[in-house]
Structures are given as structure tokens and as C-alpha cells.
Amino acid sequence: MANFAVSFVALSLFYIFQQSNAASASFNVITFGAKPDGKTDSTQPFLKAWSAACSSASPSTVYVPRGSYLLKAIVFSGPCKNKITVQIDGTLVAPTDYRALGNSGYWILFIKVNRVSVFGGTLDARGAGFWACRKSGLNCPVGARSMTFNWANDILISGLTSINSQSMHLVINGCNNVLVRNVRAIAPDLSPNTDGIHVQVSTGVTITGSTLQTGDDCISIGPSTRNMLMSSIKCGPGHGISIGSLGKDVNEGGVQNITLTNSIFSGSDNGVRIKSWARPSNGFVRNVVFQNLIMNNVRNPGPLSSTKTIAPITRAVLSSGVKISQVTFRNIKGTSATPDAVKFDCSPSNPCSGIRLHDIKLTYMNKAATSSCKNIGGTSSGVLMPQSCV
Ligand SMILES: *[C@@H]1O[C@H](CO)[C@@H](O)[C@H](O)[C@H]1NC(C)=O
């Protein structure tokens, strides 16, 4: 017993030593001159704190205390010497004038970083002015994505809230091994292109426990994405969860091994979709599972694979080159806000194949909804309401 106690104390001391050692490399943005008043430009102080952390040989923390910090477009570049934790207890705000972010396309950008964890934080991009510009049809800049990771590996984003992005809230591009958990992305229903999370050219992305209420897709998945898991997502309002649009380019990496499970859609324009352009392409989508989903008053809840047209005339001459196969829809229940709940509109030149429907129960005004199928092959089993057209 005594022996055990001694070794326990020794172990605890060792642990505390390790902790304090790690804590010694902590860089508080305030020490670098950041002002938590929401008005003073803190871009340079944040960059200085980052570069101190990035050149630290031991693991380090960039610490953002409570308060509101004004940041212009900012790039946190790697590679860095060791792992970095960014602990944000405050709110980061973009300049009120949307033109300040200009045509950079990003607001907060991490580039070529490895082993970076971002904990907490609220991002307020104050996108309303930019949306108004877009709606008025004036000459507007491209619009900034709130937080972007480009060419990064081993990333954790936990507990982040992003509100009112100009365009997408969170973008994962060219990354490996990314965990996004307990994230919220919130923008008004009618704000244009404010996707919650966009993932492309990435492998091993997991998104879990997140609430996405936006004016565009809750999650959108672009070309060259594999091994992605989404679970416990609350989506809506917004445009649902989409793979695509794919096939914009002739040469395009495919999307494969994508799973969405245990999620709820409420009042979204769509449930799950696969979208492709009506153009020639070598792109593909395969091995996708959509399962255990609840739809609450969703406009087009069911499986929908649509051919997105560039212009009506193009649609008549060309059909999409994207090949869609091995897609399973299992245990999808709830209510549809439109009669046609399940819609497959596959390309005549590349019919969808290996589509599996199992236990689908979608009602429209307390009656079975309908389904429609074009150019599709597959199987169905279990309870199917609407009746399967597969
Ligand atoms: C599919 O993706 C999951 C992550 O969602 C991964 O664990 C699994 O190994 C992948 N399967 C294949 C065959 O690569």
C-alpha cells in the first residue's frame, strides 16, 4: 500500500513537471500587443505570437484570453518545430467593412501546418454587408472564408463557433487526418454561399457533434476526398449535406468511402445529395453510406442525385461524366416538405449503379411521399416508404 502511494506521488510529480514544462511555452497574444477591445487591429500581435509558438522547440500554446479582437486577413504558416495548441477564450471579429478582406478569399488561414489543435473561440466575420453587396448585384470582392486549413496534417478543431461568415465558415483543403468536433456554424437562412464546412482534396476527415445552420450546404464535399466520417450532425436551416458539385473539370479526383450517420436534418432545403455538373469528367463517387438519419420537414430529404446544369441547353447535349456507384441509404425516417421525397436523376451516359435502399420511411403531409428514378440500378429492402423506384 505504502509502496503504491509513493510511486503514485512520484508519478503525479512527473506528470505535473511535464505539464508545467509544456505550459512554459505559452504565448499570450496580449503580451504581443493584442487589444481585447474589438476595435484595435490585433493582426500583427497574433502573427508575432504565432511565430514565437511556431519556432518553439517544445510543444506550445498560443493563448487568446477573453475579449474581442479585431483581425484582418491573417495567415498562420507552417511547418512549425513542434505541436501547437491555439486556445481561444475570446471572440475574433473581422473588420466591419467587408472590403477590408479584399479579394484574398480567406480571413483566417492556416497553411502547411502539422499537429495544430484549435480549442474554443468564436469567429464573427460580420458577413451581412458582403451578402447585401452580393444581393444588390454590385461589383463585390470574392468573399472570405472564415477559417481555412490548406495542406495541413493532424489537425483538431474543437468547440469552435463561427457566425456570419462572408462565404464558407470552415474549409479543409488538401489535408490529412482532421478531427472537427463540437463545432457550430451559424448564418441566416438566406445568406448566400455560407456553407458550414467544406472539405476537398483531403483524407481522413471526421466531423462529429456539430450544429450547422447556414444559408448553403451544412457540409459540402468536393473532389479528391476519401475516408470521411460525419456523425451526430444537426443540419438546418441550410441546403443539407452534399457531395459535390463534382465533375466541373475533365480531370478530377473521385470521392470515396464517405459515411454520414446518426444525424438530424431540420427544415433544410435538402437532406443528402450528390451533385454533378453536366459536363464530361473522369470524376466518380463510390462507397458512400447515409444511415440513421432523421428528417424533420425537409424539402427534398431523400437520396437525390441530380445533374446540375450550367445552362439548359448544355444539359440537353451533354450529360455528366461523373460515375456514381455503391451508395447506400439505410434507416432514413421523417417528414418531407415536398411530395417527391426521393429523387434520383442520374446521367443517361453514366447511370448510377449499386444504389441500395433499406428501411426508408418518409411521409409528406401524413401520407407516403413519392419517389422518382432516372438511369439507376440497385436494390432495395426492408420498409420502403415511398415505394422504391430502384
Ligand atoms: C474508410 O474510412 C474510414 C474513416 O471514416 C476508415 O476508418 C476506413 O479505414 C476507410 N476504409 C478504407 C477501406 O479505406
- Among residues of region 12-29, those that are at pLDDT 95 or above, part of a helix (DSSP H, G or I) and surrounded by fewer than 18 Cβ atoms within 10 Å (Cβ to Cβ), counted: 0
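Do we have residue 286 as closer than 21 Å to residue 372 by Cβ and at pLDDT 85 or above here?
Details: closer than 21 Å to residue 372 by Cβ: no; at pLDDT 85 or above: yes.
Criteria not met by residue 286.
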- Item | Flag for residue 211 being within 16 Å of the ligand (Cβ to nearest atom), at negative phi and of a type in the set (Ser, Thr, Tyr) | no
- If you scan region 270-288, which residues turn out to be touching a Ser or Thr at 6+ places or on another chain (Cβ under 9 Å) and either part of a loop (DSSP other than H, G, I, E, B) or among the basic types (Lys, Arg) (or both)? 271, 273, 275, 278, 279, 280, 281, 283, 286
- Note on the structure: The residue from 268, 242, 263 that alone is touching a Cys at 6+ places or on another chain (Cβ under 9 Å) and modelled with pLDDT of 95 or more is 263
- Can you work out which of the residues in region 225-239 that are more than 16 Å from the ligand (Cβ to nearest atom) and buried (at least 20 other Cβ atoms within 10 Å of the Cβ) is modelled with the highest pLDDT? 235
- Query: If you go through region 351-373, how many residues are under 14 Å from residue 325 (Cα atoms) and either in contact with a helix residue (DSSP H, G or I) (Cβ under 9 Å, 6 or more places away or on another chain) or surrounded by fewer than 20 Cβ atoms within 10 Å (Cβ to Cβ) (or both)?
  - Reply: 4
- Please tell me if residue 291 is under 23 Å from residue 225 (Cβ atoms), of a type outside the set (Val, Ile, Thr) and at pLDDT 80 or above. yes
- Does region 252-294 hold any residues that are among the aromatic types (Phe, Trp, Tyr), more than 19 Å from the chain's Cα centre (by Cα) and away from the ligand (no atom under 16 Å from the Cβ), and which are they? 277
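Residue-wise test of (1) at pLDDT 95 or above; (2) over 16 Å from residue 219 (Cα atoms); (3) away from the ligand (no atom under 16 Å from the Cβ).
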site	(1), (2), (3)
138	no, yes, yes
152	yes, yes, yes
181	yes, no, no
190	no, yes, yes
193	no, no, yes
203	yes, no, no
- For residue 177, all conditions in the list (1) in contact (Cβ under 8 Å) with a residue 60 or more places away in the chain; (2) within 16 Å of the ligand (Cβ to nearest atom); (3) polar (S, T, N, Q) hold save one; what is the number of the exception? (1)
- Message: Condition first: part of a strand (DSSP E or B) and on the phi > 0 side of the Ramachandran plot. Can you find one or more residues in region 227-238 that meet it?
- Response: yes
- Item | Members of region 174-205 that are more than 10 Å from the chain's Cα centre (by Cα), farther than 17 Å from residue 236 by Cα and polar (S, T, N, Q) | 176, 177, 202, 203
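List the strands (runs of 3 or more DSSP E) inside region 63-147, counting only whole elements, that have at least 3 residues being in contact with a helix residue (DSSP H, G or I) (Cβ under 9 Å, 6 or more places away or on another chain).
Where strands (runs of 3 or more DSSP E) fall fully within region 63-147 and carry at least 3 residues being in contact with a helix residue (DSSP H, G or I) (Cβ under 9 Å, 6 or more places away or on another chain), they are 74-77, 84-93.
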- Taking region 197-225 only, how many residues are in a strand (DSSP E or B) and farther than 20 Å from residue 277 by Cα? 12
- If we keep just the residues of region 344-390 that are small (Gly, Ala, Ser) and at pLDDT below 90, which is nearest to the chain's Cα centre (by Cα)? 347
- Message: Anything in region 204-245 that is under 15 Å from residue 288 (Cα atoms) and touching a residue at least 60 places away in the same chain (Cβ under 8 Å)? List them, or say none.
- Response: 223, 244
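The values are calculated or read from the model by the stated rules, or taken from the named source; none is laboratory data. As the structure is a computational prediction, the values presented were derived from the model and not from experiment. Cβ: placed from backbone, ideal geometry, glycine included. Neighbour counts: every protein chain shown.
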